[in-house]
1. When only the heavy atoms of the protein chains count and the probe is 1.4 Å, how do R344, R502 rank by accessible area, highest first?
2. Using only alpha carbon positions, build the gyration tensor of segment 491-596, then give the equivalent ellipsoid semi-axes as the square roots of 5 times its eigenvalues, largest first, whole angstrom.
3. Here is the link list: K184/K629; K183/K241; K67/K184; K80/K629; K74/K184; K183/K328. Which ones come out longer than 23 Å on Cα distance?
4. For segment 262-411, build the charge dipole from Cβ charges (+1 Lys, Arg; -1 Asp, Glu) around the Cα centre, then report which of M404, L382, N321 sits farthest towards its positive end.
5. How much net charge surrounds D614 when only the other residues with a Cβ under 13 Å from the Cβ of D614 are counted, with Lys and Arg +1 and Asp and Glu -1?
6. How far apart, in nm, are two points set 7 Å out from the Cα along the Cα-to-Cβ line at Y535 and at D266?
7. Suppose all protein chains stay in the model; what accessible area per residue would a 1.4 Å probe give for the chain, in Å²?
8. Measure of size requested: the Rg and Dmax of segment 121-186, with Cα atoms as the atom set and Å as the unit; please supply both.
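The values are calculated or read from the model by the stated rules, or taken from the named source; none is laboratory data. All values reported here derive from a predicted model rather than from experimental measurement. Glycine gets a Cβ as well: all are built from the backbone with ideal geometry, and neighbour counts include every protein chain shown. Only protein heavy atoms, including side chains, enter the accessible area calculation; ligands, DNA and RNA are left aside. Shrake-Rupley method; radii C 1.70, N 1.55, O 1.52, S 1.80 Å.
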Amino acid sequence: MCKTHSKSYTHTRYRKFSRALGLGVLFGLSAPLLANEDNPEATSTELKTITVWGQAPTEDTDAYVAKKTTIASKLPLAPKEIPQSVSVITRQRIEDQNLNTLEDALRQAPGVTVIPNDTVQSQFLSRGYGLNVSIDGVPSTNGLSGAEQFDLAVYDRVEVLRGPAGVLQGSGDLGGTVNVVTKKPREQFGLNGSVSAGSWDNYRGELDITGPLNADGSLRGRFVGVGQDRDFFYDRTHQRKWVGYGVLEFDLNDDLTLSLTHINQDNDTDVPFFGLPVSAPGGTAGRLLDVSRSTNHLADWSYNRSRTKETVLAAEQRFANDWSLTTKLRYLTLDSSWKDAVPRGTGVNTDDYTFEYRFLRDYDGVYRRRAADIYASGPFQLFGREHRALIGYNYEDYRDRYSMVNRTTTSATGIDLFNPVFAEPDLPHTSGFESRTEQSGLYGQTRLRLLDPLTLVLGGRLSDYEYKSRNRAPSTPSDWSNGEDASDEFTPYGGLVYELTRHVSLYTSYSDIFIPQDYQKADGGTLDPRVGKQYEIGIKTSWLDDTLSASLATFRIRDENRPMEDPNDDLYYIAAGEVESRGWELEVTGRPLPGWDISAGYTRLKTRYLSDDDNAGLFSHASPKHSFKLWSHYRFQDGLLKGLALGGGLAATSSYGSDRYASDREQSGYALVSAAASYELNEHLTLALNGENLTDRKYYASLGNNTYNTYGDPRNFTLSLRLKY
């Protein structure tokens, strides 16, 4: 399903470059002129204190509440100022719960479902749809679900905005956006570290050192290193991970700060696991196997190797009128290779527990991302009130290239499920593929203070999207084939926030996002992009000097323009499909009493097809109707127990199924119990013990068809020693 573009590729790139250059020149010429009209001498007076990079770091506190978050407008806002559902996993909570991966963190976020794909990457759902990702506010196309993520040690916090977020994101899925905020250099020396040992020979060490690098503190640095060597609860899988993160920050003068960041992560996994097959006759008719959770059906020669590198250059120019101009350039590469075998769809013979391999696979690939984001933000005066505005432009060039063999075999029969011995084959690559996705957009947002308690938030984005692909190996690369595209696609946003009291805000909002399509219409051309539209109404509260917050929201998402077969010609499509996702969420986070931190969230969700030729009823089988997440942690403040901290958690979910295949297979509801205990040996050292799934509940975290049926982690423990200086 391809089409011919009406515009030339060269002209498109020139137009995008010109737009970015023009925007930069506009900012450079006009920003000094944006001084407060009431103070025309502001350009020559002292600057106000401005937080560099919009950090609002959570590592400065021991709180579970982030007083500011950057996910909705690039620069820090209080959560109750944002007319959408937002959750933040702070650095203190990451440490208390011993969270080491982004999967770990997102399992704690209300309304988010994590579905493991294999040992190194997962799928993420919210409100029935996938989540998008941005790194320090820079969007990353298809960068979350199904992609390996950096270790959580390099991040200060994880921010989650639920529902469509197209204004800052561009094209993407409807579930929301995850923004990971990297650690930044500190103005004073700091040394943190930890060593830990856990179930299944899980050994890990972290080192985090930061501080000024010259006498006046204008040059600051930070280094984070991680080493991990571990097995898993399933047999024979072994992983070695090394992470190095370094950042330099330099104040060129009082107004301009430059930054250089580099991350390198190596992840080598022997005998990786991607879920069990089912019993014969296989497919949707096969039953889930009732076998030990340690069962791994992959041969000993299977492996997965990856090396991810990311470099970011950034600059922030601050002006005397509280305006700032920020530029970020991001370059990421991922080199990966893997080799394994896929079971045949006939399933496992439960008389002798043997099966057949269908595909033998050998893969080598690399993907590369080049991204730029430039934006200006600041206050302006209108009708006697101060308002704020954001305007920016971002661009990403995402290229994916690989070669592989996916060979059908007739010789791999009679494989023992519990001892899968099969000689490693020699697999010369027989095919290759390359794709390129370019996405860019001019975006803006303004926060208008209509009345002292009433704020109107308006935003919009004008986006371009272009996808093309070609075959590569083993023959000469083919011509590029043009796929999905969109030109000047407008994405609106609107919200109202009414501050009922100093502690309570009411809000309502409209947001959407688009997904380009490549389905052919009978009259020529392709379908218009799918559009996910969300309407949300809610209330947010903040108490006890903003250390305790609560929110209640109800939402409805309509996924429109989905492809349906043309009733007049089954070779073509019409944009008439529609899906609805609706529900409500309740979240409470913070410190109700000294020493006591709590995070609780409940989500009720219903998804359904409204119009579709081939489907009816429930849309997202993998999204449970009910989910509840609770974590409570108490630090004794004085007396004999001073220095002791105890925590406990509960994660409960109703039944769910599989979105990977049209399967009626279902996992019944369950509840998982976790706990933690720690003791401060002195002012610098803390000893902690964390336990997960304490009742040892046996359940499937992922459901598929002939594979991807993955048990959740059994009961496990981790003992760690943490240093803070």
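1. Details: R344 60, R502 165 Å².
The ranking, largest first, comes out as R502, R344.
2. Equivalent ellipsoid of segment 491-596: 44, 13, 10 Å, largest first.
3. Long pairs (Cα-Cα over 23 Å): K184/K629.
4. Working it through, the farthest residue towards the positive pole turns out to be L382.
5. On the way: positive: R562; negative: E565, D570, D612, D613.
Cβ neighbours under 13 Å give a net charge of -3.
6. 5.5 nm
7. Ligands and nucleic acids excluded, the figure is 43 Å² per residue.
8. Calculated on Cα positions, Rg and Dmax stand at 11.6, 39 Å.
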